[in-house]
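The values are calculated or read from the model by the stated rules, or taken from the named source; none is laboratory data. All figures in this text were calculated on a predicted structure; none of them were measured in a lab. When we count neighbours, we look across all protein chains shown, and the Cβ atoms used for this are built from the backbone with ideal geometry, even at glycine.
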Amino acid sequence: MRKKHLLFTAIAIAVMSGSILWAADHIDAPAVTNTPSDITDLYVFQGQDKNNLVFVANTQGLLSPTATSGAHFDPNTLIEFKIDNNGDNIEDLVIQAIYKNGKMHVYGPYKPLITGTKSVIDPSEFSAETSVTKYGEAEKIEGNKKGIKVFAGPRDDPFFFDLTQFKHIIAGEASSFNNPGTDAFAGTNVLSVVVEVPKNLLGGKDKLNVWLTTRKKTEITNYKN
């Protein structure tokens, strides 16, 4: 996976029957490393309530415990889940999240006004908001009458990767990973936006293509802070 300019994409296929899908990217684009635009992971999985899907966007990876307490979401960065439910690789629905006035605001899922490399936030599609959970604080999860639930805040980086062994493999010094391996991300954190959505709001399809983007203010049409 590659990142270019300020558009970042991680692609996965989400099966409604409950498989967990993920795509990960840590420190792949030097221009955005350690910025609010830096995507580390996308996860889509069935919720504890089997009628729901959970969308997870993780950003700002490799945060130490000390750095986590000062990390924050950027009001000029839109986090956007794009959902294709007919297999043409064009988003049919979007779920948008942006930090405003001390809270994470979520819009959708709804049919986007434009597709591709630009985004529009439609204020009429506001769904839910939540206060951002601070590091070390009990999690805050808020929702709406449609069953959408939202969390925003720091979390332990859930992605497991044995970076040291990977380097040995690349160098020809090893032929496979160890079992168990050593998690290079242990003890580091990310900032997460988690949106749980009833499946009936996602187009009623058995399979979805989902990708994740972050966009800066200059890439958001009709942006209003």
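Residues of the range 158-183 that are surrounded by fewer than 10 Cβ atoms within 10 Å (Cβ to Cβ), at negative phi and either of a type in the set (S, T, N, Q) or assigned to a loop (DSSP other than H, G, I, E, B) (or both): Ala171, Glu173, Ser175, Ser176, Asn179, Pro180. Going by the conditions given, is Lys103 in contact with an Asp or Glu (Cβ under 8 Å, 6 or more places away or on another chain) and either over 18 Å from Val194 (Cβ atoms) or surrounded by fewer than 22 Cβ atoms within 10 Å (Cβ to Cβ) (or both)? Yes: the conditions hold for Lys103.
Residues are listed down the side, and each one gets a yes or a no for (1) modelled with pLDDT of 90 or more; (2) within 16 Å of the chain's Cα centre (by Cα):
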site	(1), (2)
Met16	no, no
Ile20	no, yes
His26	no, yes
Val32	no, yes
Leu42	yes, yes
Gln48	yes, no
Val54	yes, yes
Gln60	no, yes
Thr68	yes, no
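In the set (1) surrounded by fewer than 15 Cβ atoms within 10 Å (Cβ to Cβ); (2) in contact with a Gly (Cβ under 7 Å, 6 or more places away or on another chain), Thr133 fails one condition alone, (1).
In the set Asn101, Asn58, Asn52, only one residue is in contact with a Pro (Cβ under 9 Å, 6 or more places away or on another chain), under 21 Å from Ile141 (Cα atoms), without any contact (Cβ under 8 Å) to a residue 60 or more places away in the chain and not hydrophobic (A, V, I, L, M, F, W, C); that residue is Asn101.
For the range 164-177, the condition holds for no residue, the condition being that it is among the acidic types (Asp, Glu), modelled with pLDDT under 95 and farther than 24 Å from Pro75 by Cβ. Here Thr133, Thr164 are screened, and the one residue that is of a type in the set (Ser, Thr, Tyr), without any contact (Cβ under 8 Å) to a residue 24 or more places away in the chain and in contact with a strand residue (DSSP E or B) (Cβ under 6 Å, 6 or more places away or on another chain) is Thr133.
Scanning the range 91-139 for residues that are touching a helix residue (DSSP H, G or I) at 6+ places or on another chain (Cβ under 6 Å) and either of a type in the set (Asp, Glu) or at pLDDT 95 or above (or both) returns Tyr107, Gly108, Pro109, Tyr110. Considering only residues of the range 209-225 that are crowded, with 16+ Cβ neighbours inside 10 Å and of a type in the set (Val, Ile, Thr), which is modelled with the lowest pLDDT? Looking at residues that are crowded, with 16+ Cβ neighbours inside 10 Å and of a type in the set (Val, Ile, Thr), I get Ile220. Would you point out the residue of the range 184-208, among those that are in a strand (DSSP E or B) and under 11 Å from Asn85 (Cα atoms), that is modelled with the lowest pLDDT? Per the criteria, the residue is Lys207.
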